[in-house]
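Got a structure here, written out as structure tokens. Questions coming.
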Amino acid sequence: MKKIAIIAALLTASMSGVAQETYENAKIANEDLNGTARYVGMGGAMEALGADISTISSNPAGIGLFRHSTLGLSFGLVSQQDVPGYASGSKTHASFDQIGFVYSTRSGRNSHINFGFNYHKSKNLDFILSAAGKPQNGSQNMQSYLKGLKGSQSNGGFNIDTDKEGTYIGYEDEKSTSVAATFNQLDYLYWNAFLVDPNTGDFGYNPAQYFWFNRKHTGYIGSYDFNISGNINDRVYLGLTFGLKDVHYNGYGEYVEQIHEAKGQHNGSLSVTDDRKITGTGFNVSAGIIVRPVEESPFRIGLSVTTPTWYDLTTENYTTLANGTEFGAYDNGNIGEGYDFKLYTPWKFGFSLGHTVGNYLALGASYEYSDYSSMDTRVNDGFGYSWYYDEYYDSSSSDKAMNNHTKKTLKGVSTIKLGAEYKPMPELAIRAGYNYVSAMYDSNGYKDGGIVSEGSYYSSSTDYTNWKGTNRMTLGVGYNINKFNIDLAYQYSETNGEFHPYTAISASDAMNNVVEKMSNDKFDVSNKRHQILLTLGYHF
């Protein structure tokens, strides 16, 4: 019996550069509410109030309100609600969240110049996603099969044909031997190890009776911020922050289908395990201003802007298909890839208000906006050395096809922050806050495996989740002892979403009559998270 194989060159061919996929990029594009316990306890609504080191990146001018030098250290626990542990991924873990200092110097009778550094965990990526259900009419292997029926990649599919030696090869179209960018790693595994009956050579798919899905996400994005700020006559506060980002993401998932033969006879199970890692660095610049428009009033207005974060990233994966059936199974298939790409996140703009009443009440409100539909996924075109300019260069260009998908899938996000601090006595502070973050994902968004993009070409999963808006509620308490302060905060956040194990597609004949069609299966999921945060501080 001849072993049929789609040549590995489809997925190992040398390419000038590759780009990542919209849903994978979105995981690292936004930020959590995190920092000092005072900042979190007030819902982060301190961009106009200032005098907290966590405003170093949200409004750098806030560092200009410090009158004394200070040191701070924050850590705590994060726990996810309503999920079991999975694959050594725990739903509760310790977290080191912040460390920083501000050095304050007087430059005049009512003016200061301050220098600050702060590290904080801008994104905690530890998260377990679980879903299960009964598909209406579809399966992961059906999606791969229908992509083959759709024909050329211009129609969102690829052709399966044989070379002169009779080996099956994926073509861009019938007359071309170029690689189809829509043919991804899962397609490679399915067409090699499942979709072909070894006895007859016929292609076919199996519908799923039931599916199980679990994925653990681990890691973080660390932000290292360097600030210079100051004030003019205690009326105008200015700040500039240079930020560095450090990305560490790992995702391990398992997707299992209980499958049937075409006649409805029980035929066992099929599982795909996918292990993906994303690492890299990025940088951005933030600028801010806070103004007291009335000299006799403590009321403040703040404005801020943050450039895109310009990321250089590397992603690697190892994916395995385990087939517990006889149909189409030659052996267990596996494949792994690694590549570099660039990601430019959108600009972020902020507007904030702050007011204090005596020495016992502080009120803050902030609004931030960032348009994630404008996120730029980029292909690395090359790296080399210019003898003329005596310098190294690293060029890239926008992945137009993937960016067009991003524009249809992601949206502009508005973040509203409200916070208050009340001091019943000078040493004791009680805090509360609330956040609403609008949805980043369009409710009709889908993971398009038919995009003619290297991001599709190197994809190794079919699932995606359209998350809705996020609600955050915070509480906090603080106590000062001479030059020391201890602050405690609690944060609860909840985001609901719709999980899709695969994208619904259909295949048509030459007369545009639909011959095969999948259902658009979706299942409700949620991410409910609790955080307890402790900050120890010292000012001098």
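Roughly how big is the stretch 415-540's charge dipole about its Cα centre, with Cβ charges of +1 (Lys, Arg) and -1 (Asp, Glu), in debye to the nearest 20?
For this selection, approximately 700 debye.
Now, a different point. Report, by chain and number, residues whose modeled amide H sits under 5 Å from the one on Ala439, excluding near sequence neighbours (fewer than 5 apart, same chain).
Close amide H contacts, sequence-distant or interchain: Gly469.
For the stretch 342-363 and the stretch 86-148, what is the separation of their C-alpha centers, rounded to whole Å?
Going from one Cα centre to the other spans 20 Å.
Let's test the formula: R0 of 45 Å, r as the Cβ-Cβ distance of Leu536 and Gln209. What FRET efficiency results, to the nearest 0.05?
Using R0 = 45 Å, I get an efficiency of 0.25.
Take every Cα pair under 8 Å in the stretch 426-539 that's 6+ residues apart, average their separations, divide by the length, and report that relative contact order as a whole percent.
RCO, the stretch 426-539: 27 percent.
How much length is gained if the chain between Leu77 and Phe351 is pulled fully straight, taking 0.36 nm per residue apart and subtracting their Cα-Cα distance, in nm to one decimal?
95.6 nm
What list of ³J(HN,Hα) couplings, whole Hz, do you get for the stretch 204-215 from phi and the Karplus terms 6.51, -1.76, 1.60, once you set θ to phi - 60° and write x for glycine and proline?
x, 10, 10, x, 9, 7, 7, 9, 10, 9, 9, 9
Can you pull the one-decimal nm distance between simple spin-label points at Ala132 and Ile486, each 7 Å off the Cα toward Cβ?
A separation of 4.4 nm, rounded to one decimal place.
For the stretch 18-148, rounded, prolate or oblate, judged on the Cα gyration tensor with a ≥ b ≥ c (square roots of eigenvalues), a/c < 1.5 rounded, else prolate if a/b > b/c?
Here the stretch 18-148 falls in the prolate category.
Between their Cα atoms, which of Lys27/Lys342; Lys245/Lys408; Lys121/Lys245; Lys121/Lys407 are more than 19 Å away from each other?
Too far apart for the 19 Å limit: Lys245/Lys408; Lys121/Lys407.
Could you check the spin-label model distance between Phe242 and Thr281? Points 7 Å from the Cα along Cα→Cβ, value in nm.
Rounded to a tenth, the inter-label distance reads 1.3 nm.
Once amide H atoms are built 1.01 Å from N in the peptide plane, which residues 5 or more positions from Asn137, or in another chain, come under 5 Å H to H?
Ser519
Would you calculate the volume per residue, in Å³, of the smallest convex hull containing every Cα atom of the stretch 437-532?
Per-residue hull volume (Cα only) is 152 Å³.
Evaluate E = 1/(1 + (r/R0)^6) for Asn496 and Ser398, where r is the Cβ-Cβ distance and R0 equals 41 Å; express this FRET efficiency to the nearest 0.05.
So the FRET efficiency works out to roughly 0.80.
Can you compute the modelled spin-label distance between Asn520 and Glu316, with each label point 7 Å from Cα toward Cβ, in nm?
For the pair Asn520/Glu316, the computed spacing is 3.9 nm.
So, one more: Antiparallel DSSP bridges in the stretch 270-365: what percent, to the nearest 5?
100 percent
Something else: Find out how many positive minus negative residues lie around Trp212, taking Lys and Arg as positive, Asp and Glu as negative, among other residues whose Cβ is under 10 Å from that of Trp212.
Local charge sum for Trp212: -2.
The numbers here are math on the coordinates, done by the rules we state, and not lab data. Just so you know, these numbers come straight off a predicted model, no measurement behind them. Methodologically, a virtual Cβ is constructed for each residue, glycine included, from the backbone with ideal geometry; neighbour enumeration extends over all protein chains shown.
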